Amino acid sequence: MSVGIALLVAVLAWLVWSRRSGRAGRSAAARARQLRTPLVQLAELAGVQTARGRQAAQYEAGAEGERRTSRVLGILRLRGWTVLHDLALPTGRANVDHLVVSFWGVVVVVDSKRWDARYRVRAVHGRLLHSDRDVTDRLRGLRHETETVSRVLGVSVTPLVVMHGAPVDGGSLLFDGIRIVPAHSAVPVLRGIARRHRGHGIGLRRRARCALKPYGRN
């Protein structure tokens, strides 16, 4: 009987997690559909690359990265963490890929990246490179999101990049205050951050849910 109850609890937990994590990547996928108009699709069928088609592909890759990260973060939900996906900021059109609040109220803004696996991500002379391409400015959005969430919640917020595909030099990078880790390291890194800090507990988790709504619903 106890085994059956445990199995039932596990199934219910998985269903709840699946429902809540289903938002991951929605806004990026929606933007990709907007960009890939019938004309763009016809051009692609003819083998013609368009600017809109390339943008759509980038948004599709981003959406898939967010969905993969949501699956990685699912284990934290079972440990009492709050994990939210695709959240709108109070102003502007930016969104937060994932917001993670530990059981004790440590807040982390998680940004998903899915970059070409052929090239390594590395820091050279104060710049972030993917192969030889300077991608430093791609962290600007995460800084803005982290600062905004910190201001809205009134607490310190830690930024974290979860990288899919591209290998991370040394297995982990700390670049200008932002930690960049491969997806398989995300959960251990997050748990380490939570152990080093003590947050504001349940009240903060409730406040995060109220202050930051799913993108497109605020």
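The values are calculated or read from the model by the stated rules, or taken from the named source; none is laboratory data. Only a predicted model underlies this, so the values are computations on that prediction, with no experimental measurement involved. Positions of Cβ are backbone-derived with ideal geometry, glycine not excepted, and every protein chain shown enters the neighbour counts.
Here are some notes:
- Candidate set from segment 169-218 (those that are assigned to a strand (DSSP E or B) and surrounded by 13 or more Cβ atoms within 10 Å (Cβ to Cβ)); member that is modelled with the lowest pLDDT: P214
- Selection count where residues are over 26 Å from A166 (Cβ atoms) and not basic (K, R), scope segment 53-106: 15
- Enumeration of residues in segment 120-139 that are over 22 Å from A57 (Cβ atoms) and either of a type in the set (A, V, I, L, M) or surrounded by 21 or more Cβ atoms within 10 Å (Cβ to Cβ) (or both): A123, V124
- Unmet criterion (only one of (1) under 29 Å from R23 (Cβ atoms); (2) in contact with a Lys or Arg (Cβ under 6 Å, 6 or more places away or on another chain); (3) surrounded by fewer than 21 Cβ atoms within 10 Å (Cβ to Cβ)) for V101: (3)
- For E66, the criteria (1) surrounded by 15 or more Cβ atoms within 10 Å (Cβ to Cβ); (2) in contact with a Phe, Trp or Tyr (Cβ under 7 Å, 6 or more places away or on another chain) hold in every case but one, which is (2).
- Selection count where residues are surrounded by 15 or more Cβ atoms within 10 Å (Cβ to Cβ) and of a type in the set (S, T, N, Q), scope segment 43-57: 2
- Summed over segment 136-150, residues that are over 14 Å from the mean Cα position of the chain (by Cα) and among the small types (G, A, S) total 1.
- Of the criteria (1) in contact with a Leu (Cβ under 6 Å, 6 or more places away or on another chain); (2) under 26 Å from G216 (Cα atoms), which one L160 fails: (1)
- Members of segment 88-117 found to be hydroxyl-bearing (S, T, Y) and assigned to a loop (DSSP other than H, G, I, E, B), listed by number: T91, S102
- Restricting attention to segment 1-39 and to residues that are in a helix (DSSP H, G or I), more than 23 Å from the chain's Cα centre (by Cα) and modelled with pLDDT of 80 or more, the residue that is nearest to L84 (Cα to Cα) turns out to be P38.
- V110 within 23 Å of G25 (Cβ to Cβ), more than 16 Å from the chain's Cα centre (by Cα) and surrounded by 22 or more Cβ atoms within 10 Å (Cβ to Cβ): no
- The listed residue being among the small types (G, A, S), surrounded by fewer than 17 Cβ atoms within 10 Å (Cβ to Cβ) and touching a strand residue (DSSP E or B) at 6+ places or on another chain (Cβ under 9 Å), out of A166, A117: A117
- Yes/no for P167 being within 24 Å of R67 (Cα to Cα) and in contact with a Leu (Cβ under 9 Å, 6 or more places away or on another chain): no
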